[in-house]
Amino acid sequence: MFWDLEKRCLELHRSQSKGKMSLERYRAKRDFAKTPESAGEVESGGGSRFVVQKHQASHLHYDFRLEMEGVLRSWAVPKGPPLEPGVRRLAVQVEDHPVDYIDFAGEIPGGQYGAGTVEIWDSGEFKLDMQSPDRLEFALKGKKLSGDYVLIHTDGKNWLLLKRKAG
Ligand code: MN
């Protein structure tokens, strides 16, 4: 029983790491006849860009996205990414987004998933230093965000995003 569950989790994780399964989740939530968002495809190859999209939906949050394995791995950060070390911010993992979502800014119409205004709050490049299922360490080079950051999985969809002290 436990073994079956563990096997299923592994299969899910594998299909997610290929990206396809996770874009199905993205697509299932949206009606592309009504939203200006991209229907997107999983792209091949890596990338090294990040974006933070300020999303004024029913609740204001900041969507933090890293280009990895042909998709944008994504977290909703209610209070926004920390600018200084010593500040921990809750980051709730959400469905992977297509890579071309990285340029998206605009209005998601009322009645659609995530209805509200999206603007690009910051963007740039990142360098991945360490990756495990529960931890990502990376350096950001953006206009507002720069330096060493870490995402730590705590439980369920919850992660913590923090900036590390320089040096
Ligand atoms: Mn959002």
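What follows is calculated from the coordinates using simple rules that are stated; it is not laboratory data. Computed from a predicted model, the values in this text were never measured in an experiment. Cβ coordinates were reconstructed from backbone atoms using ideal geometry, including for glycine residues, and neighbour counts include every protein chain displayed.
Numbers below:
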quantity	calculated
For the range 112-124, 3J(HN,Hα) per residue [Karplus equation, 6.51 cos²θ - 1.76 cosθ + 1.60, θ = phi - 60°, Hz, x = Gly/Pro]	8, 4, x, 3, x, 9, 10, 10, 7, 8, 7, 7, x
Links that overshoot a 30 Å alpha carbon limit, given the list Lys29/Lys79; Lys34/Lys143; Lys34/Lys163; Lys127/Lys157; Lys54/Lys157	Lys34/Lys143; Lys34/Lys163
Check: the chain dipole with +1 on Lys, Arg Cβ and -1 on Asp, Glu Cβ, in debye	420
Long-range HN-HN contacts of Arg49 with modeled amide H, under 5 Å	Glu67, Phe126
For the range 139-155, 3J(HN,Hα) per residue [Karplus equation, 6.51 cos²θ - 1.76 cosθ + 1.60, θ = phi - 60°, Hz, x = Gly/Pro]	9, 9, 10, x, 7, 9, 9, 8, x, 8, 10, 9, 10, 10, 6, 9, 7
For the chain, calculated [θ]222 nm from helices alone, where every DSSP H run of n ≥ 4 adds -39500 (n - 2.57)	-5000 deg cm²/dmol
Stretchable slack from Gln93 to Lys165, in nm (0.36 nm times residue separation minus alpha-carbon distance)	23.5 nm
Pairwise FRET efficiency - Glu43 versus Ser132, Cβ, R0 = 22 Å, nearest 0.05	0.40
The chain - percent relative contact order, Cα under 8 Å, separation 6 or more	21
Gain upon complete extension [Asn158, Lys144; 0.36 nm per residue less C-alpha separation]	2.7 nm
Where labels lie 7 Å past Cα in the beta-carbon direction, separation of Glu24 and Ala105 in nm	3.5
Proportion of all alpha-carbon pairs of the chain beyond 23 Å (%)	38
